[in-house]
1. Trp22's amide H: which non-local residues (gap 5+, or another chain) put their own amide H closer than 5 Å, with H modeled 1.01 Å from N in plane and none for Pro or chain starts?
2. Below 8 Å between Cα atoms, with a sequence gap of 6+, how large is the relative contact order for the chain in percent?
3. Enter the angle in degrees (range 0 to 90, nearest 10) between the Cα long axis of helix 26-36 and the first principal axis of the Cα atoms of the chain, meaning the one along which they spread out most.
4. When Cα extents along the principal axes in Å is calculated directly from the model, which label among (1) 82, 28, 14; (2) 51, 24, 23; (3) 60, 32, 21 fits?
5. Once the Cα atoms of helix 42-53 and of the chain are each reduced to a long axis, what angle between those two axes, in degrees from 0 to 90 to the nearest 10, is obtained?
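Only the coordinates and a few stated rules stand behind these numbers; no lab work does. Predicted model, so just to flag it, every value in this text is computed and none were measured.
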Amino acid sequence: MAWRCLLEQCAAVTDDYVAGHWLPSLCELEVAEGLARTAWYETTMTTARDAAASVAAGLTSGLFSSAARILRTVDGTDVAVRPLRVLVDALADDAPSIVHVLRPAAD
C-alpha cells in the first residue's frame, strides 16, 4: 500500500513540476542533490523528510516519508522507489537553473 501512495504522490508532484506549477524550495533542491549522490535507506529518507519538512512548501516531505516506509522492506534500487528516484534526479540535474529563479542574481 505504501508503494501506491508513493506512486500517486510522486506522479502529482512530478506533473506539477513539469507543468511549471511547482518549484522546489532551495532546501528541497539541496536535499535532492544529496539524495542523487547517495544510497537510499530508510534512515536516508527519514533525514530527507525532516529536512524538507523544515520549509513551508515542502511538497517532497510526504514523498520521503512514504519512501522511508517502503525502504523498511526493500533496498534503494527497488522498482517501488523508482518514480521518486527519477524525480530526485531531475531536480538535482535542474538545480543550477532553478536556483537562479529562486534566488535571482543581484544587479
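1. Tyr17
2. Details: 116 pairs, mean separation 40.1, N = 107.
About 37 percent, as a whole number.
3. The helix 26-36 is inclined about 50 degrees to the chain.
4. (2)
5. The angle comes out near 30 degrees.
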